[in-house]
Amino acid sequence: MDAAELLVEGLETEGVEHVFGIPGEETTDLMFAIRDSDITFVPVRHEQGAAFMADVHGRLTGNTGVCLATLGPGATNLITGIADANLDKSPLVAITGQGSMETMHHESHQQLDVVDAFEPVVKWNTRVNHPDVAHEAVRKAFKIAETEKPGATHLELPEDVAAQEADAEPIRTRGPAPPSDPNPTAVADAAERLREAERPAILAGNGAVRGRAADVLRALVRRTGIPVVTTYMAKGAVPDDDPRSLMTVDSGNGAGSEALAEADLVLAVGYDVAEHDPAGFHREDADIVHVDSQPAEVYAEYDPTIEIVGNIARSVAELDDATAQSTFDTAWYENYRERVTDQIADAPAADAPFEPEVVVPALRDALNAGDVLLSDTGRHKMVLAQEFPTYEANSVVISNGLATMGIAVAGAVSADCCTDGNVVAATGDGGFLMNAAELETAERLDCSFTTVVFRDDELSLITEEQRETHGDSFGTEFTNPDLVQFAESFGMEAYRPETAGELHDDLAAAIASDELSLVDVPTAKP
């Protein structure tokens, strides 16, 4: 076989089922190797969409998503999605083509040093410069992508190397080395601190979901009654109908953030500082117990008293065992829980203009607990993160490491491919048109997800922030096409509600449908 075939056989050995991408002249041998394999190649409309699809696949399944592009502009178009996967700790392998090795020493058409360009946004990347190392490169890329903390890796395959005969076989796949067991002394010390605390609280982060620690975390919370606040990326780690849930942390005066700031001990489970600035809950006189697969980032306002480093689920389970005879005060946070429930129960008036706060309850009513909601970045994301009750881990996907616009529609394509329930992409009109072309990809794949567009003809989150700091806004307004006609041009079902009743009916009809659909929600300006 040639190197391209060896690389693709390596992908098959790793269990890859889909590769998302756009082919180019320099990836021709790779493309035909994929054609002759059991892997499904999904042609997309923009390489950024391919990277987002691989990113969301990794988030939802825990298995590495794969995207492919050619050299030069194809490769650079992947970067945003790759960076998102890396900061959001999603396992991803990107594969790019390149010109022949003989051109590397001088300037040539479309040639960029892609390996060097990708270096800041991946865990590891390399150029496959000899056919007999392709099998090792694939195995290493997947191993590093999947090892805690997961992230993105990259392989570049020059076209002349791809066509050369390879004298090797794929290396059999092995799961990543599991994180070690937690240190017993650290667990005992943390348990003692918990017993002494008067107002302990839990901050659950991305690692609690990624590390499959939701079940043991729920058990700890049920037994102890310690309240839980989640980051945006950990929504559902503890269900929000649990009386111990204070929903999500934010940068304002939300109940969860205020409770964390009042706590005299914060048990941070799988929390990364990239998810949320710890300055909002930092107190010099409060203890922080860091429970994660790796030591804490050095950060002046996140300086743990104790670090329990190892398998997150086992660490939480051992903390639960170590505090089995302890009781904890639950009265101190009752007013915060009341604020959470009151906020959720505060139904908008029937004639209220459509704002995210009006649409989110209708979305919750239309979705089942295990359905998947992907949120793009914008004003609606803040409301979804803070006011959308979530009951299952990984049922809400929010980009909050890179916090990039444009992820929702592309991500919904892969979510629809790898989940059985309903899928909704919630996006503002700014983020929607960044990757709206992937609706054609979705239609071609016979996807059946629903896109909900919060349309207010501006980048409203930036408008709000500008007005807070400068009393005015600038550069945030734009116009939109008729989104119903736009959707219908792809062969989709499309809705534009005008009343609260129509909003509920349209969302219910769209989400329950087996067809690809779009709901254009004209949203009041901020």
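The values are calculated or read from the model by the stated rules, or taken from the named source; none is laboratory data. Source: prediction; values computed, not measured. Positions of Cβ are generated from backbone atoms using ideal geometry, with glycine treated the same way; all protein chains shown enter the neighbour counts. Side chains are part of the model used for accessible areas, which takes the heavy atoms of the whole protein and leaves out ligands, DNA and RNA. Shrake-Rupley method; radii C 1.70, N 1.55, O 1.52, S 1.80 Å.
Could you check how many residues of the range 15-52 are surrounded by fewer than 22 Cβ atoms within 10 Å (Cβ to Cβ), within 23 Å of the chain's Cα centre (by Cα) and among the charged types (D, E, K, R)? Residues in the range 15-52 being surrounded by fewer than 22 Cβ atoms within 10 Å (Cβ to Cβ), within 23 Å of the chain's Cα centre (by Cα) and among the charged types (D, E, K, R): 2 in total. Considering only the range 248-273, state which residues are open to solvent by 10 Å² or more (accessible area, probe 1.4 Å), closer than 27 Å to D84 by Cβ and of a type in the set (A, V, I, L, M). Across the range 248-273, the qualifying residue is only V273.
Considering R244, R222, R218, the condition of being without any contact (Cβ under 8 Å) to a residue 24 or more places away in the chain and not hydrophobic (A, V, I, L, M, F, W, C) is satisfied by R222 alone.
Scanning the range 358-394 for residues that are crowded, with 22+ Cβ neighbours inside 10 Å, of a type in the set (G, A, S) and in a loop (DSSP other than H, G, I, E, B) returns G378, A393. Does L445 count as open to solvent by 10 Å² or more (accessible area, probe 1.4 Å), hydrophobic (A, V, I, L, M, F, W, C), touching a Cys at 6+ places or on another chain (Cβ under 8 Å) and at pLDDT 95 or above? Yes; evaluated as a whole, the condition is true for this residue.
Of the helices (runs of 4 or more DSSP H) lying entirely inside the range 448-526, the ones with 3 or more residues being touching a residue at least 12 places away in the same chain (Cβ under 8 Å) and more than 27 Å from T419 (Cβ to Cβ) are found at 460-470. Just wondering, is there one or more residues in the range 303-315 that are assigned to a loop (DSSP other than H, G, I, E, B), of a type in the set (D, E, K, R) and open to solvent by 30 Å² or more (accessible area, probe 1.4 Å)? So far as the range 303-315 goes, yes, one or more of its residues are assigned to a loop (DSSP other than H, G, I, E, B), of a type in the set (D, E, K, R) and open to solvent by 30 Å² or more (accessible area, probe 1.4 Å).
State whether the residues of the range 155-171 include one that is touching a Ser or Thr at 6+ places or on another chain (Cβ under 9 Å), open to solvent by 10 Å² or more (accessible area, probe 1.4 Å), assigned to a helix (DSSP H, G or I) and within 30 Å of G10 (Cβ to Cβ). Yes: one or more hits.
The rows are residues; the columns are (1) of a type in the set (A, V, I, L, M); (2) out of contact with any helix residue (DSSP H, G or I) (no Cβ under 6 Å at 6 or more places or on another chain); (3) closer than 19 Å to G310 by Cβ.
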residue: D189; (1), (2), (3): no, yes, yes
residue: R199; (1), (2), (3): no, no, no
residue: R210; (1), (2), (3): no, yes, yes
residue: V216; (1), (2), (3): yes, no, yes
residue: R223; (1), (2), (3): no, yes, no
residue: T230; (1), (2), (3): no, yes, no
residue: V238; (1), (2), (3): yes, no, no
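The rows are residues; the columns are (1) of a type outside the set (S, T, N, Q); (2) open to solvent by 10 Å² or more (accessible area, probe 1.4 Å); (3) out of contact with any Leu (no Cβ under 9 Å at 6 or more places or on another chain).
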{"residue": "P179", "(1), (2), (3)": "yes, yes, yes"}
{"residue": "A197", "(1), (2), (3)": "yes, yes, no"}
{"residue": "A208", "(1), (2), (3)": "yes, no, no"}
{"residue": "R212", "(1), (2), (3)": "yes, yes, yes"}
{"residue": "D215", "(1), (2), (3)": "yes, yes, yes"}
{"residue": "R218", "(1), (2), (3)": "yes, yes, yes"}
{"residue": "D241", "(1), (2), (3)": "yes, yes, yes"}
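Go through the range 220-239 and give me each residue that's surrounded by 24 or more Cβ atoms within 10 Å (Cβ to Cβ) and among the polar types (S, T, N, Q). Once the filter is applied, which keeps residues that are surrounded by 24 or more Cβ atoms within 10 Å (Cβ to Cβ) and among the polar types (S, T, N, Q), the range 220-239 yields T230, T231. Does the range 395-428 hold any residues that are assigned to a strand (DSSP E or B) and more than 23 Å from A255 (Cα to Cα), and which are they? Result: V423, V424, A425, A426, T427, G428.
Restricting to the range 274-301, and then to whatever is among the β-branched types (V, I, T) and open to solvent by less than 80 Å² (accessible area, probe 1.4 Å), can you tell me which residue is nearest to N400 (Cα to Cα)? Per the stated criteria, the residue is V291.
Take the residues in the range 112-142 that are more than 21 Å from the chain's Cα centre (by Cα) and assigned to a loop (DSSP other than H, G, I, E, B), then tell me which one is surrounded by the most Cβ atoms within 10 Å (Cβ to Cβ). Per the stated criteria, the residue is V128. Could we say that A259 is assigned to a helix (DSSP H, G or I) and either touching a Phe, Trp or Tyr at 6+ places or on another chain (Cβ under 8 Å) or not basic (K, R) (or both) here? Judged against the criteria, A259 is a match.
Among the residues in the range 53-74, are any surrounded by 19 or more Cβ atoms within 10 Å (Cβ to Cβ) and under 14 Å from A162 (Cα atoms)? Yes. Across the range 457-480, the number of residues qualifying as open to solvent by 60 Å² or more (accessible area, probe 1.4 Å) and more than 17 Å from A524 (Cα to Cα) comes to 7. If you go through the range 331-364 and keep only what is among the hydrophobic types (A, V, I, L, M, F, W, C) and at pLDDT 85 or above, you end up with A331, W332, V340, F354, V358, V359, V360, A362, L363. Restricting attention to the range 344-357, the residues that are open to solvent by less than 30 Å² (accessible area, probe 1.4 Å) and closer than 21 Å to M247 by Cα total 1.
Criterion first (of a type in the set (G, A, S) and touching a Lys or Arg at 6+ places or on another chain (Cβ under 9 Å)) does S414 satisfy it? No, not satisfied.
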